[in-house]
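Let me begin by presenting the structure, written as structure tokens, before commenting on it.
The values are calculated or read from the model by the stated rules, or taken from the named source; none is laboratory data. Since the model is a prediction, treat every value here as computed from it, not as a measurement. Neighbour counts are summed over all protein chains in view; Cβ atoms, including those assigned to glycine, are modelled from backbone coordinates with ideal geometry. Protein only, heavy atoms only, side chains kept; ligands, DNA and RNA dropped before computing areas. Shrake-Rupley method; radii C 1.70, N 1.55, O 1.52, S 1.80 Å.
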Amino acid sequence: VNYLRDIYDIKNQIAFQLDIAHMEVDITQAVSIGLILNEALTNAIKHAFPVKGKGNTVVIEMVVGDRDVVHLKMADNGVGLPPTLDRERLNSLGIKLMKGLTDDLGGSFSIESHNGTIIYIRFAANVPFENAVKIIGSTETTKRV
């Protein structure tokens with residue numbers, strides 16, 4: 001977060017609220033998570049807030065639930081997705097990247113637009129891919145963060 005804040009020279013124009021559980025994950029999962037966060041944060045910094053100033057907020061929450069299912073939520077209170085955008089056909093390179101990396105985790109990805117943009121990712125930590133897919137598939141009705 002601090003690195004991106006420095007690169008885009010936003011100083012205190014966007015507040016970042018971080019609630020991230022301490023956890024250890026396999027290096028391949030850590031790389032995927034890092035790339036997803038980088039893409040989501042970069043999108044928020046570049047597109048969510050046409051006017052930089054007080055009140056602009058990005059929230060990142062990551063909690064670990066039952067069966068070591070990680071719930072990752074990245075939300076901003078910016079302009080949100082365009083209302084005419086067909087969410088079923090989100091095909092930007094960034095969205096494809098985040099979806100693909102989530103697939104690599106055996107997880108689930110969703111994006112919503114309510115008072116800004118909200119990205120939800122769920123995956124099972126430190127389990128083989130096949131087991132992760134089964135765990136996430138069996139917990140799809142679990143409440144999100």
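I'd like the antiparallel share, as a percent to the nearest 5, of DSSP beta bridges with both residues in region 1-141.
If I count the DSSP bridges inside region 1-141, around 75 percent turn out antiparallel.
Students sometimes get this wrong: rank Lys99, Lys54, Lys134 by accessible area, probe 1.4 Å, all chains present, largest first.
Largest to smallest exposure gives the sequence Lys54, Lys134, Lys99.
Taking the Cα-to-Cβ direction at Val64 and at Lys52 and moving 7 Å from each Cα, how far apart do the two end points lie in nm?
Computed distance between label sites Val64 and Lys52 equals 3.6 nm.
Could you tell me the ratio Rg/Rh of region 1-61? Both radii from Cα atoms, Rh via Kirkwood.
1.01
What percent of all Cα-Cα pairs in the chain falls in each 10 Å bin, counting up from 0?
Taking every Cα pair in the chain, the percentages come to 11, 42, 35, 12, 1.
Cut-off 16 Å, label point 7 angstrom out along Cα-to-Cβ of Thr139: give me the residues of region 8-32 whose amide nitrogen falls inside.
21-26
As an exercise, use a Förster radius of 30 Å and the Cβ-Cβ distance of Met23 and Leu93 to find the FRET efficiency, rounded to the nearest 0.05. It would help to have the intermediate numbers written out before the result.
On the way: r = 29 Å, r/R0 = 0.96.
Calculated transfer efficiency: 0.55.
Starting from the 7 Å offset along Cα-to-Cβ, what nm value, one decimal, do you get for the label separation of Asn115 and Asn38?
3.2
Check which residues have an amide H placed less than 5 Å from Asp26's amide H, if you skip close sequence neighbours.
Amide H neighbours of Asp26: Asn126.
If you roll a 1.4 Å probe over the heavy atoms of the protein chains, what accessible area per residue do you get for the chain, in Å²?
59
Based on DSSP H runs of at least 4 residues, each adding -39500 (n - 2.57), what is the mean residue ellipticity at 222 nm of the chain after dividing by all its residues, to the nearest 500 deg cm²/dmol?
After summing the helix terms and dividing by residue count, I get -9500 deg cm²/dmol.
Rg/Rh for region 53-126: what does it come to with C-alpha atoms and Rh from Kirkwood?
That ratio equals 1.01.
Can you list the lysines whose alpha carbon sits under 26 Å from that of Lys52, skipping same-chain ones fewer than 8 residues off?
Counting by Cα, and skipping residues close in sequence, Lys52 has these lysines nearby: Lys11, Lys73.
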